[in-house]
1. For Leu189, what accessible area in Å² do you get when you roll a 1.4 Å probe over the heavy atoms of the protein chains, rounding to the nearest 10?
2. Suppose we take every Cα in the range 189-289 and form the convex hull; what volume per residue is that in Å³?
3. Let me cross-check Phe269: its accessible surface, 1.4 Å probe, with only protein heavy atoms counted, in Å² to the nearest 10?
4. Over all distinct alpha-carbon pairs, what is the Kirkwood Rh of the range 145-184 in angstrom?
5. Work through the residues other than Leu148 whose Cβ is under 11 Å from its Cβ and net out their charges, Lys, Arg +1 and Asp, Glu -1.
6. Evaluate the relative contact order of the range 215-291 (contact order divided by residue number), counting alpha-carbon pairs under 8 angstrom at least 6 apart; express in whole percent.
7. Just to make sure I understand: if all protein chains stay in place, what is the order of Asp88, Asp140 by accessible area at 1.4 Å, largest first?
8. How much accessible surface area, in Å² rounded to 10, belongs to the heavy atoms of Met277 with a 1.4 Å probe?
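The values are calculated or read from the model by the stated rules, or taken from the named source; none is laboratory data. Keep in mind it's a predicted model, so treat the numbers as computed, not measured. Counting neighbours? That spans all protein chains shown, and the Cβs are built from the backbone with ideal geometry, glycine included. To get the accessible areas, we keep the full protein, side chains included, count just its heavy atoms, and leave off ligands, DNA and RNA. Shrake-Rupley method; radii C 1.70, N 1.55, O 1.52, S 1.80 Å.
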Amino acid sequence: MSFRRALALAACGLAGGSVLFSAVAVGKQPPRGGDAEPRPGGSASVPPAAPPGLLLLPPAAAAASCPPAPGWIERPAGTGGFWDSNWDRREPLALINLKKKNEETGEEELASRLDHCKAKATRHIFLIRHSQYNLDGRADKDRTLTPLGREQAELTGHRLASLGLKFDQIIHSSMTRATETTEIISKHLPGVKKISTDLLREGAPIEPDPPVSHWKPEAVQYYEDGARIEAAFRNFIHRADAKQEEDSYEIFVCHANVIRYIVCRALQFPPEGWLRMSLNNGSITHLVIRPNGRVALRTLGDTGFMPPDKITRT
């Protein structure tokens, strides 16, 4: 593999930029000039010169080596990691029709309508990975929790109950291991309603970057699972409805791939990086979504409440 080809591969996953820099020392600095590639608008732009010791990698070279992102992933219009305040399509200005503004009342009515659309409550999302299960099961119904997995679920349920929060609901994957984990956890949270959904089933959300050699699903699996898991994100992860008056506490019992993808999407990190995280069985991940749409990650894969000999990642 050529040196330039290796640099192009290293640049994969850095989507959205007009120019990519690879911080690799080279023998000499490349020439500062050359023809600039025309932009869609017709005008040409001159890329910035590479700092000393860096190799300037044109966008075309990177694009040739990086697989295109699936159509269901929306990339922010800006570059450089800027926060998209309307990521969940619930920004007040995006919910009203400015053309219908009453000219007589003007700004006063606009402010009133914006206030009517603003979220008032904070959502606390607790993402629970299912407990250890029987890996030898051929079908989903055979992949039941192991004795250790049942112990883990008891510990997770006890931990959630000890927080002293008023949980609103438990939404769980319809797969056997998630359903059984939910049943055990719910014993510690009497009265909290349970909802099963296929959207949270395990799958391949998006091709990871960097790739791994031991796990290579077919492209069609990413195509099918990815759209479903993205639908789960859009359906469940967003700021509170404007009608919600009090903060809410919701539990989602699902799977490692789903949780890791949701965390990346909620924090507006590159979703291709989901496989760079690792989650223990029965772990708790806590996301907070503020009324203004800001998202914070309180905990990621917490199992500090489990004895060391009870912790697994299968």
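1. 20 Å²
2. Working: hull volume 12.1 nm³, N = 101.
Residue-normalised Cα hull volume stands at 120 Å³.
3. Here the accessible area works out near 110 Å².
4. On the way: mean 1/r = 0.0922 Å⁻¹.
For the range 145-184, inverting the mean 1/r across all distinct Cα pairs yields 10.8 Å.
5. Overall, the nearby charge balance is -1.
6. Normalised by residue count, the contact order of the range 215-291 is 33 percent.
7. Greatest to least solvent exposure: Asp140, Asp88.
8. 40 Å²
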